[in-house]
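Let me begin by presenting the structure, written as structure tokens, before commenting on it.
The values are calculated or read from the model by the stated rules, or taken from the named source; none is laboratory data. All values derive from a computational prediction rather than experimental measurement. We place every Cβ from the backbone using ideal geometry, glycine too, and count neighbours over all the protein chains shown. We work out accessible area using only protein heavy atoms, side chains counted, and drop any ligands, DNA or RNA first. Shrake-Rupley method; radii C 1.70, N 1.55, O 1.52, S 1.80 Å.
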Amino acid sequence: MNSITANDSTIYFNEACYTSLNEHLKANNFSIIFILVDENTHEYCLPNFLTKLETNAVIEIIEIEAGEEHKTIDTCTGVWDTLSELNADRKSLLINVGGGVVTDLGGFVASTFKRGIAYINVPTSLLSMVDASVGGKTGVDLGHLKNQIGVISTPDLVLIDTAFLQTLPQNQMRSGLAEMLKHGLISDEKYWNKFKDLSKLSVDNLDELIYESVIIKKNVVEEDPFENGLRKTLNFGHTLGHAIESYFLSNPNKKELLHGEAIIVGMILASYISTELVGFPRQTTEEIKTLFLSYYEKVDIDKSEHQSIIDLLKYDKKNNHGNINFVLLEKIGVPKIDCLVDDAIIIDAFEFYAS
């Protein structure tokens, strides 16, 4: 369990991370190495990471503010300006050390600065390890609308050191777990079944599950890198989940949800809709709801808010020709893409979630 080759980059795990990183630095003779962090990873992750680097190149640290609300073009502009002021050139390297906000935004900054400089992702949260740092999607939000601006590009390396998870709060761990649960639902019932009793899992089990999750995403992305078909299945639970996340982000009376917390709600809703429209077993939908709500606190969504959330669906990136396209499940491991869903069924799904 040392590495996985994915498209034009290689994903390294744990002890193999720093050997591969230092070999890469030596082979490429980068002019300046920039390390992008937020205030949390600056404090808790960067000191240890710096001790692993073996290079004579100049190293500059760029810090951004933590949180989804700072995943914006304005933040990108600040990073681009800093790169310019510190004399970054086409032979510079940007290393993104952080969660999904840092790897998404950092990848976008690197892909667009001087028409593209090299970058490496070092995900430090469970969510970024199994999702954000793998697959080449980069980008930022447009206002409160998720990931509206971005490009698909490939980092030189992805370095997954699960020791970073020791610095992570439990709510952030649960946020990442949501994407792993999704990978099981859309691809592999055997993998899904491993999550039915988390109390039995050890640290070694978690490393193995992370590895399997990365393999699942990597295989999907390699078959469909530009999301024309199979890759859409990775959006199970995300159509409504992103709308819920955006609604809570934009509403001053709501507590902001972490990505995984919103996606858990989205997957329960999508499971109900799957039962109504494509024959997903009702008993399995009930089991999914029960399991998820044993791990995650129920989110309070009032009936008066349903339509406002539904209205946000029109901004989903998977839409085309004015249609809102859902990913549903016929059974575990058998997703169906490009499904159209009436608002009335979505409202029924919200009522199922709340009941």
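What part of the accessible area of the chain, given as a whole %, is carbon or sulfur when the probe is 1.4 angstrom?
After summing per-atom areas, the C and S share lands at 47 percent.
Quick one: the Cα spread of segment 314-355 along its three principal axes, in angstroms, biggest first?
Extents along the principal axes, in whole Å: 34, 26, 14.
How would segment 276-341 be classified by its alpha-carbon gyration tensor: rounded, prolate or oblate, with rounded meaning a/c under 1.5 and the a/b versus b/c comparison settling the rest?
Here segment 276-341 falls in the oblate category.
Just to be sure I understand: of the beta bridges DSSP finds with both ends in the chain, what percent are antiparallel, rounded to 5?
35 percent
How big is Rg to Rh over segment 228-355, alpha-carbon atoms, Rh as the Kirkwood inverse-mean-distance radius?
Radius of gyration relative to Kirkwood radius: 0.93.
If you take every DSSP beta bridge whose two residues both sit in segment 1-87, what share of them, in percent to the nearest 5, is antiparallel?
35 percent
Return the single residue from Pro169, Pro225, Pro335 with maximal mean-square fluctuation; model: Gaussian network over the chain, springs between Cα atoms under 10 Å.
Looking only at Pro169, Pro225, Pro335, the biggest GNM fluctuation is shown by Pro169.
If I build a Gaussian network model for the chain, linking alpha-carbon pairs within less than 10 angstrom, which residue out of Ile268, Ile11, Ile310 has the largest mean-square fluctuation?
With Cα springs under 10 Å in the chain, the top fluctuation among Ile268, Ile11, Ile310 is at Ile310.
Counting only residues 5 or more places away or on other chains, whose amide H sits under 5 Å from the amide H of Ile149 once H atoms are built in the peptide plane?
Answer set, sorted by chain and number: Val140, Leu142.
Heavy-atom accessible area per residue, the chain, 1.4 Å probe: how many Å²?
43 Å²
Put a dot 7 Å past each Cα toward the Cβ at Ile61 and Ala163; how far apart are the dots in nm?
In this crude spin-label approximation the distance works out to 1.8 nm.
Loop only by DSSP, 15 or fewer other Cβ within 10 Å of the Cβ. Give me the chymotrypsin sites (Phe, Trp or Tyr not before Pro) in segment 188-254 that pass, ordered by residue number.
Within segment 188-254, the qualifying chymotrypsin sites (Phe, Trp or Tyr not before Pro) (loop, at most 15 other Cβ atoms within 10 Å) are Phe226.
If the only charges are +1 at each Lys and Arg Cβ and -1 at each Asp and Glu Cβ, what is the size of the charge dipole of the chain around the Cα centre, to the nearest 20 debye?
So the magnitude is around 600 debye.
Helix 343-354 versus the longest principal axis of the chain: what is the Cα-based angle in degrees, 0 to 90, to the nearest 10?
With rounding to tens, the tilt is 80 degrees.
If R0 is 41 Å, what FRET efficiency do you get for Asp197 and Lys114 from their C-beta distance, rounded to 0.05?
Result of the calculation: an efficiency of 0.25.
Subtract the Cα-Cα distance of Gln148 and Asn320 from 0.36 nm times their separation in residues, and report this length gain in nm to one decimal.
Taking Gln148 through Asn320 to full extension adds about 60.5 nm, to one decimal.
Segment 284-346 to segment 70-119: how many Å between their Cα centroids?
33 Å
Between Gly333, Ile117, Leu181, whose Cα lies farthest towards the positive end of the dipole of the chain when Lys and Arg beta carbons carry +1 and Asp and Glu beta carbons carry -1, centred on the Cα centre?
Highest projection toward the positive end goes to Gly333.
Could you work out how far helix 238-250 tilts from the main Cα principal axis of the chain, as a 0 to 90 degree angle to the nearest 10?
For 238-250 against the chain, the angle is about 70 degrees.
Counting only DSSP beta bridges with both residues in segment 83-236, tell me the antiparallel percent, nearest 5.
25 percent
Show the residues, 5+ positions off or on another chain, whose built amide H is closer than 5 Å to the amide H of Asp316.
Close amide H contacts, sequence-distant or interchain: none at all.
Report the longest stretch of the chain that contains none of the GluC sites (Glu not before Pro) sitting in a DSSP loop with at most 14 other Cβ atoms within 10 Å.
After excluding every exposed loop site, the longest remaining stretch is 66-255.
Which value, in debye to the nearest 20, gives the size of the charge dipole of segment 38-183 about its Cα centre, when Lys and Arg are +1 and Asp and Glu are -1 at the Cβ?
560 debye
Say each of Ser31 and Leu230 gets a label point 7 Å from the Cα, pointing the same way as Cα to Cβ; how far apart are those two points in nm?
The modelled label-to-label distance comes out at 4.0 nm.
If you wrap a convex hull around the alpha carbons of the chain, what volume per residue comes out, as a whole number of Å³?
That works out to 127 Å³ per residue.
So how tilted is helix 73-85 from the main axis of the chain? Cα-based, degrees 0 to 90, rounded to 10.
Tilt relative to the chain: about 10 degrees.
In the chain, which longest range has no trypsin sites (Lys or Arg not before Pro) that are both DSSP loop (not H, G, I, E or B) and surrounded by at most 15 other Cβ atoms within 10 Å?
92-195
Quick check: the distance between the Cα centres of segment 214-235 and segment 126-199, to the nearest angstrom?
14 Å
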